[in-house]
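**Q** Below is one structure. I have some questions about it.
What follows is calculated from the coordinates using simple rules that are stated; it is not laboratory data. Note that the coordinates shown come from a computational prediction; the quantities given were computed from them, not determined experimentally.
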Amino acid sequence: MNEVSSSATRGNRKHRVGIVVSDVQNKTITVEIERRAAHSKYKKVVKVRTRYAVHDENNDAKVGDTVKIGETRPLSKNKRWRLEQIISHAE
């Protein structure tokens, strides 16, 4: 049998970088990711914000931190993302 690394068997999982906007819940943070997209009718470039419920096992991230999150299996009704790395802490 061939030895395959665990990251290779997981397929193409998405990764995002965003800012923590809430850390009130236990082991859960809310991460907001902002992107720019053209409005479908008027074609004006607008900011689009998406919020994700992210699993934070050790409650490490705080409000204002920039974090990297990765897609994972469903952990609850809304949680489909897991905290991978804290890129920078808030001042």
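**Q** Can you tell me how much longer the chain between Arg49 and Asn12 gets when fully stretched, taken as 0.36 nm per residue apart minus their C-alpha distance, in nm with one decimal?
**A** Result: 11.0 nm gained on full extension.
**Q** Can you list the HN-Hα couplings for segment 24-39, worked out from phi with the Karplus curve (6.51, -1.76, 1.60; θ = phi - 60°), rounded to whole Hz and with x for Gly and Pro?
**A** 5, 6, 6, 6, 9, 10, 10, 10, 9, 10, 10, 9, 10, 9, 7, 5
**Q** Now, a different point. Tell me which lysines have Cα within less than 24 Å of Lys44's Cα, excluding those fewer than 8 residues away on the same chain?
**A** Counting by Cα, and skipping residues close in sequence, Lys44 has no lysines nearby.
**Q** Can you spot the lysines whose alpha carbon is less than 24 Å from Lys79's alpha carbon? Ignore those fewer than 8 places along the same chain.
**A** Candidates past the 8-residue exclusion: Lys14, Lys27, Lys47, Lys62, Lys68.
**Q** Okay, next question. Compute and list, largest first, the equivalent-ellipsoid semi-axes of segment 8-78 from the alpha carbon gyration tensor, each √(5λ) rounded to a whole angstrom.
**A** 25, 17, 11
**Q** Starting from the Cα of Lys77, draw a straight line to each of the aspartates and glutamates and keep only those under 20 Å, dropping any in the same chain fewer than 8 residues away.
**A** Partners within reach: Asp23, Glu32, Asp56, Glu57.
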